[in-house]
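Remarks on the structure that follows.
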Amino acid sequence: MSAALLAPQSTSLTDLSGRVMRKLRVSLTDACQYRCFYCMPENPVFTANSKLLSAAEYQAICSALVERGIEELRVTGGEPTVRPEFREILTALAAIPAKRLSLTSNGQLLQRHLEFLSDIGCTHLNISLDSLDAGRFERITGGGDFRKVMASIEKASAMGFEVKVNAIVFRGVNDDELGDFARWSAASRIEVRFLEYMKIGDYAGNWKRFIPADEMIARLEETTTLYPVAVPADSTSFVFGTTEGGRLGFIASESKPFCGSCSRLRLSAMGTLRSCLMSEQGLSLRHVDPADYPDVLERVLAMKPTGRLDHVSQSMHEIGG
Ligand code: SAM
Ligand code: SF4
């Protein structure tokens, strides 16, 4: 990406409360080869590939948003690597002068794309891994291949990508692995981010499985010492180092909402721009005349809630996580 083009032409993506939008989650598809029990409905119906945004459409929409102040394009889904045009779209996005191009993936198919991602300037990878036990991982994901995901994580880290591992923590499912993840982080020097599960989609009512970040921290402190690490003001996570050399982040969207510092917009694979993960409101940017962008963006920004909404009925794979 050209450094000369990094400065936005204007920062018009400011909402009514003064929050400035700097990050765009770009969903490539709602499809995924996994069936994580908390994310996928029992019989998911995925959008036909022919209906999804093309590489040229992604480039046009994302360019317009970067020109107005978006600094980071984070590609996600569903599982972005199952999109047949994955490389074509990533190449188109890499040509946009954003400050950062990053990717969230389940890691299963990632290894084969790492050289390509490095070549186009994608630097930051978030890879989801909810268990360090292969059998449990397979049960949580509905068939995920632990060895392939771990190989992707290890290779990406060795290649110099900034890798973070996302683990969503559920009572009675994987909460006995908090300490294992802390030790794994210390040994691998890879940051693990523990996610509180959020009331999203069909699984939203299973509140008995919810574990707040404070409880995760208290349980970790039984075996290690945590010290705070500084993070950017609009970070979704707060981070601790461990005395053994681990780095542990916490995304406490439910118990400590960070709506006041939210800087994120989301673009669905069908071209709808929404201003909040928890709100289904949004407007399509597909086929919008460039002259009409200011009006559409102003209306989307006006939809951004100021406080935390309780739940959303769409599933995370549809929204773009
Ligand atoms: N398929 C990719 C993956 O799993 O990394 C990208 C999309 S996935 C929807 C992105 C992240 O959302 C994953 O780390 C997943 O654990 C998280 N997620 C899904 N449903 C969630 C929920 N209800 N609450 C919190 N995080 C959730
Ligand atoms: Fe797929 Fe990611 Fe959802 Fe799991 S969390 S089902 S990997 S989209």
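The values are calculated or read from the model by the stated rules, or taken from the named source; none is laboratory data. Model, not experiment: these values are computed from the prediction. We place every Cβ from the backbone using ideal geometry, glycine too, and count neighbours over all the protein chains shown. In case anyone asks, the SASA skips ligands and DNA or RNA and just uses the protein heavy atoms, side chains included. Shrake-Rupley method; radii C 1.70, N 1.55, O 1.52, S 1.80 Å.
Is at least one residue of the range 239-251 of a type outside the set (A, V, I, L, M) and within 16 Å of ligand 1 (Cβ to nearest atom)? Yes, the range 239-251 contains at least one residue that is of a type outside the set (A, V, I, L, M) and within 16 Å of ligand 1 (Cβ to nearest atom). The residue of the range 24-52 that is surrounded by the most Cβ atoms within 10 Å (Cβ to Cβ), among those that are more than 10 Å from ligand 1 (Cβ to nearest atom) and in a strand (DSSP E or B), is Val26.
Applying the set (1) assigned to a helix (DSSP H, G or I); (2) surrounded by fewer than 23 Cβ atoms within 10 Å (Cβ to Cβ); (3) in contact with a helix residue (DSSP H, G or I) (Cβ under 9 Å, 6 or more places away or on another chain) to Glu115 leaves exactly one unmet item: (3).
Are any of the residues in the range 244-261 in contact with an Asp or Glu (Cβ under 6 Å, 6 or more places away or on another chain), in contact (Cβ under 8 Å) with a residue 24 or more places away in the chain, more than 16 Å from ligand 2 (Cβ to nearest atom) and among the acidic types (Asp, Glu)? Yes, some residue in the range 244-261 is in contact with an Asp or Glu (Cβ under 6 Å, 6 or more places away or on another chain), in contact (Cβ under 8 Å) with a residue 24 or more places away in the chain, more than 16 Å from ligand 2 (Cβ to nearest atom) and among the acidic types (Asp, Glu). Somewhere in the range 255-262, is a residue open to solvent by less than 40 Å² (accessible area, probe 1.4 Å) and within 13 Å of ligand 1 (Cβ to nearest atom)? Scanning the range 255-262, I find no residue that is open to solvent by less than 40 Å² (accessible area, probe 1.4 Å) and within 13 Å of ligand 1 (Cβ to nearest atom), so the answer is no. When Thr242, Thr272 are checked against the criterion of being at pLDDT 95 or above, under 28 Å from Gly18 (Cβ atoms) and surrounded by 14 or more Cβ atoms within 10 Å (Cβ to Cβ), a single residue qualifies: Thr272.
Against the list (1) touching a strand residue (DSSP E or B) at 6+ places or on another chain (Cβ under 7 Å); (2) farther than 24 Å from Lys23 by Cβ; (3) open to solvent by 30 Å² or more (accessible area, probe 1.4 Å), the condition Asp289 fails is (1). With the condition kept exactly as written, say whether any residue in the range 118-133 is surrounded by fewer than 17 Cβ atoms within 10 Å (Cβ to Cβ), among the hydroxyl-bearing types (Ser, Thr, Tyr) and assigned to a loop (DSSP other than H, G, I, E, B). Yes, the range 118-133 contains at least one residue that is surrounded by fewer than 17 Cβ atoms within 10 Å (Cβ to Cβ), among the hydroxyl-bearing types (Ser, Thr, Tyr) and assigned to a loop (DSSP other than H, G, I, E, B).
To keep it simple, each residue is scored yes or no on (1) under 11 Å from Arg247 (Cα atoms); (2) open to solvent by 10 Å² or more (accessible area, probe 1.4 Å); (3) more than 21 Å from the chain's Cα centre (by Cα); (4) within 16 Å of ligand 2 (Cβ to nearest atom).
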site	(1), (2), (3), (4)
Ala167	no, no, no, yes
Gly172	no, yes, yes, no
Phe181	yes, no, no, no
Ala186	yes, yes, yes, no
Arg193	yes, yes, no, yes
Met198	no, yes, no, yes
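Where strands (runs of 3 or more DSSP E) fall wholly inside the range 247-310, the ranges with 1 or more residues that are over 30 Å from Ile217 (Cβ atoms) and not basic (Lys, Arg) are 264-267, 272-274. Say we look at the range 187-212 and pick out the residues that are among the aliphatic types (A, V, I, L, M) and in contact with a Ser or Thr (Cβ under 6 Å, 6 or more places away or on another chain); which of these is nearest to Phe137 (Cα to Cα)? Only one residue tops the list, namely Val192. Under 20 Å from the mean Cα position of the chain (by Cα) and away from ligand 2 (no atom under 16 Å from the Cβ), is that true of Glu162? Yes.
In the range 66-81, the condition of being over 29 Å from Arg35 (Cα atoms), out of contact with any strand residue (DSSP E or B) (no Cβ under 9 Å at 6 or more places or on another chain), open to solvent by 10 Å² or more (accessible area, probe 1.4 Å) and not basic (Lys, Arg) is met by at least one residue.
Residue pairs whose Cβ atoms lie under 7 Å apart, separated by 6 or more positions or on different chains, with the first residue in the range 66-82 and more than 30 Å from Val45 (Cα to Cα) and β-branched (Val, Ile, Thr) and the second open to solvent by less than 10 Å² (accessible area, probe 1.4 Å) and more than 14 Å from ligand 2 (Cβ to nearest atom), are Val66/Ile96; Val66/Ala98; Ile70/Leu13; Ile70/Met21; Ile70/Leu24; Ile70/Ala98. With respect to the conditions (1) out of contact with any Leu (no Cβ under 6 Å at 6 or more places or on another chain); (2) under 22 Å from Thr104 (Cα atoms); (3) small (Gly, Ala, Ser); (4) more than 16 Å from ligand 2 (Cβ to nearest atom), Ala156 lacks only one, and its number is (1).
For the range 204-235, a tally of residues being outside any helix (DSSP H, G or I) and within 16 Å of ligand 2 (Cβ to nearest atom) returns 1. The set of residues from the range 53-64 being under 10 Å from Leu285 (Cα atoms) and surrounded by fewer than 16 Cβ atoms within 10 Å (Cβ to Cβ) is empty.
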